[in-house]
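As structure tokens, the structure follows; a few thoughts come after it.
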Amino acid sequence: MAEAMLAVEGVHAGYGPRLALKGVDLHIDRGEIVALIGSNGAGKSTLLMTLCGHPRAKQGRIWFEGRDITRVPTHDLVRCGLVQVPEGRRIFSRMTVLENLQMGALTSDSRHFRPDLDRVFALFPVLAERRAQRGGVLSGGEQQMLAIGRALMSRPRLLLLDEPSLGLAPLVVRKIFATLEEINAGEGVTILLVEQNAYHALKLAFRGYVMVNGVITLTGTGSGLLANPEIRAAYLEGGG
Amino acid sequence: MSARLLKHGAPSPVLVTAIREAALTGLLVVVLAVPFLGLKIENAGNGLLLETRWPAAFIAVGLAMGGRVLLVLGREWWHRPAVFDRFPGTVFLSERPLWGLGMAGILLALFLPLLLPNRYAIDTATTLLIYVMLGWGLNIVVGLAGLLDLGYVAFYAVGAYSYALLSLYFDYSFWLCLPLAGLLAALFGILLGFPVLRLRGDYLAIVTLGFGEIIRVVLTNWNTLTHGSQGISGIPRPSFFGLPFGVAVEGGPVTFSAFFGIAHDPLHRVIFLYYLILVLALGTNAFTLRIRRLPIGRAWEALREDETACRALGLDPTTIKLSAFAIGAMFAGLAGSFFAARQGFVSPESFAFLESAIILAIVVLGGMGSQTGVVVAAFVLVVLPEWFRDFVEYRMFLFGAAMVAVMLWRPQGLLSHRAPTLRLSPGPAPPH
């Protein structure tokens, strides 16, 4: 466990008195892509939010790069290298693409700005074309790319993505997942992916966790889980 | 080059420039001041007598040199690259399309007392400028940070009563109370900010509305301190940097008109107050234009759009909100102490909810976040009703109709265009 980049130990959390997470354990090693799948309301998003301290874990510990971050304020985590792409993209719709990307760079040294910007534009050439347009006029896929690009501008070592495929056409999802692979392999960014789209997520991931009712019920390699008949029945057949 | 200079402990280039320019200015003023101020020819009956007035010349030279240093430093502050300008390979854009309009407006404002030298016009313009300043202050809270504040007039009241009470009980002068009033109002801004940190939208609006009423009710009922609804009268008027306005009295202090050797005219004070609020308002505007280029200003805008995204990007919503409340309140406090000084009288009646509503209407009508829009809207809401005094019975009706028309055709406000602030510099990216 000491080797893990992120370690979650027995975390209980939730909004209000009802707990959405009832003792979650998982770990992510440096350089991995890990997928967390599960049905609606299983607690996937809550876990991702709890990693960022919002809501706080009621029990258990969260370790990031050997440091206990269970009580670290949400906004400080970005400086630690733990960056989240929130569910629903949440780009700044009145700001231009360039300004959105700049917002991501507020916490890092401004000297990195232009090189980082060029990297993001290389990953998502469409953002370079649309850099002067307002975020609100972009298509859903482009907004998702902008949200990922904005997160990359704060130089994450661990990138948390909440449902990046939400509401996007299959072709666009494939493109974004291919870019995630590139970000992982090319830039060395570790990725935790929370997805309902289990097929794409598990194909991409080194390892996967399955969450049911606030606990991890199953874990294995991405391809192993894909081949698992239980998973196929619950998350893939018909849902794919 | 400059970096190397700095490394060797040489004084910073700005200071060098400031000292050089101040020396040059000083030399020029010496040349001018020695004959014009330093020497005076007196008619001594049987011939002319040359009298010297070295202290006056000395003061003139000192003032000019000090002014030059301030000018250079101010210029440097204004042009110093903001944090965003330092992002290599990008160019910061200012609101160019409106730049000319703004300059024309400022020039017009500067020469207004010459163009319309009557008391009514200047008084109306002063009132307009108070509302412009309040609009600009509230624009920070509502327009930039997106925090709907229905009790903004409370900070205006805090500023006004700060000056009224400090002068009443401690005899503090206006020039001392002005910054104190701003500071106190900012403190009240933080005081309001803390309990409402977690509230948004409608809920925030209701709590701020309540806060505004609390301040007014306290001012009305705390008879021993504030004289209740009778208000505080006889608030000393601001002096011209120590020179009071008014008719010179034998044995009294040197008045403005006596010092400058001109005839007393009650219009002097009115014009002085006009320029004072002009400077205060323009200062508010310059501050806002500047801070929008700094990370905190950009964070306000981001907070208005999406608080969750802000947090995910490592911005602390607490700091962002409190700073918006504090800074917005500070400007209301400054405007409030000006208001008290101008009226010479404050009472809780001046700080009713209607005032908050008007200021908010100015911001919303102008187009949230637009500095020029605030001026246009303040003009529409403050000066037009003055012009249409003949239709006084229909005023509220016209006002309502205008509001409905704006909601129908310009729901974003009169000037709601938000110009992009940044573009990539032309040419290839710098080597990294």
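Since every read-out is calculated from the coordinates, none of them should be taken as a lab result. Keep in mind that this is a model prediction, so the values were computed, not measured. Here the Cβ is made from the backbone with ideal geometry for all residues, glycine too, and neighbour counts use every protein chain on show.
Please list the equivalent ellipsoid semi-axes of segment A:191-240, computed as the square roots of five times the alpha-carbon gyration tensor eigenvalues, in descending order and whole angstrom. Please list the in-between numbers first.
Working: eigenvalues 38, 35, 24 Å².
Calculated on Cα positions only, the semi-axes equal 14, 13, 11 Å.
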Using θ = phi - 60° and Karplus 6.51 cos²θ - 1.76 cosθ + 1.60, couplings along segment A:45-51 (whole Hz; Gly, Pro as x)
5, 4, 4, 4, 5, 5, 4
Using the Kirkwood radius over C-alpha pairs as Rh, can you work out the diffusion coefficient of segment A:1-81 via Stokes-Einstein at 20 °C, viscosity 1.002 mPa s, in µm² per second?
166 µm²/s
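For chain B, rounded, prolate or oblate, judged on the Cα gyration tensor with a ≥ b ≥ c (square roots of eigenvalues), a/c < 1.5 rounded, else prolate if a/b > b/c?
On the way: a/c = 1.82, a/b = 1.19, b/c = 1.53.
Oblate, because a/c is 1.5 or more while a/b does not exceed b/c.
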When you take every Cα atom in the protein assembly as shown, what is the radius of gyration, and what is Dmax, the widest Cα pair distance, in Å?
31.2, 124
Listed peptides B:251-259, A:24-32 by packing density, highest first (mean Cβ within 10 Å):
A:24-32, B:251-259
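Local charge sum around B:C177 (other residues, Cβ-Cβ under 14 Å, Lys/Arg +1, Asp/Glu -1)?
On the way: positive: B:R237, B:R342; negative: B:D171.
Net local charge, B:C177 excluded: +1.
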Using a 10 Å cut-off on Cβ to Cβ distances, tally the other chain neighbours for every residue of A:110-122 and report the average as a whole number.
4
For B:H264, B:H227, ascending order of other Cβ atoms within 10 Å (fewest first) is B:H264, B:H227
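Based on the alpha-carbon set only, what is the convex hull volume of chain A divided per residue, in Å³?
On the way: hull volume 28.5 nm³, N = 240.
About 119 Å³ per residue, rounded to a whole number.
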Averaged over the residues of B:311-323, the number of partner chain Cβ atoms within 10 Å of each residue's own Cβ comes to 6
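A:G53: net charge of surrounding residues, Cβ under 14 Å, Lys/Arg +1, Asp/Glu -1, itself excluded?
Numbers: positive: A:R56, A:K58, A:R61, A:R67, A:R71, A:R79, B:R311; negative: A:D68, A:D76, B:D316.
After counting each charged neighbour, the total is +4.
Please arrange A:E181, B:E301, B:E213 by how many other C-beta atoms lie within 10 Å of their C-beta, fewest to most.
A:E181, B:E213, B:E301
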Summing +1 per Lys or Arg and -1 per Asp or Glu among the other residues with Cβ less than 10 Å from A:L166's Cβ gives -3
Can you show me the helix-derived [θ] at 222 nm for the protein assembly as shown, built from DSSP H runs with n ≥ 4 at -39,500 (n - 2.57) apiece and divided by the number of residues, rounded to the nearest 500.
-16500 deg cm²/dmol
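Can you tell me, using C-alpha contacts under 8 Å and at least 6 residues apart, the relative contact order of segment A:21-85 as a whole percent?
Details: 36 pairs, mean separation 14.3, N = 65.
Answer for segment A:21-85 is 22 percent.
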In angstroms, what radius of gyration and Dmax does segment B:296-432 have, counting Cα atoms only?
19.9, 69
Taking the mean number of other Cβ atoms within 10 Å as a proxy for protection, how do you rank B:20-30, A:153-163 from highest to lowest?
A:153-163, B:20-30
Give me log10 I(q)/I(0) at q = 0.20, 0.22, 0.28 Å⁻¹ for segment B:9-75, Debye formula, one equal scatterer per alpha-carbon, no solvent.
-0.77, -0.85, -1.08
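Please report, largest first and rounded to whole Å, the three semi-axes of the ellipsoid equivalent to segment A:89-154, where each semi-axis is the square root of five times an eigenvalue of the C-alpha gyration tensor. Don't jump to the answer; show the numbers that get you there.
Working: eigenvalues 61, 29, 19 Å².
Semi-axes (√(5λ), whole Å): 17, 12, 10.
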By count of other Cβ within 10 Å, fewest leading, how are B:I140, B:I296, B:I235 ordered?
B:I296, B:I235, B:I140
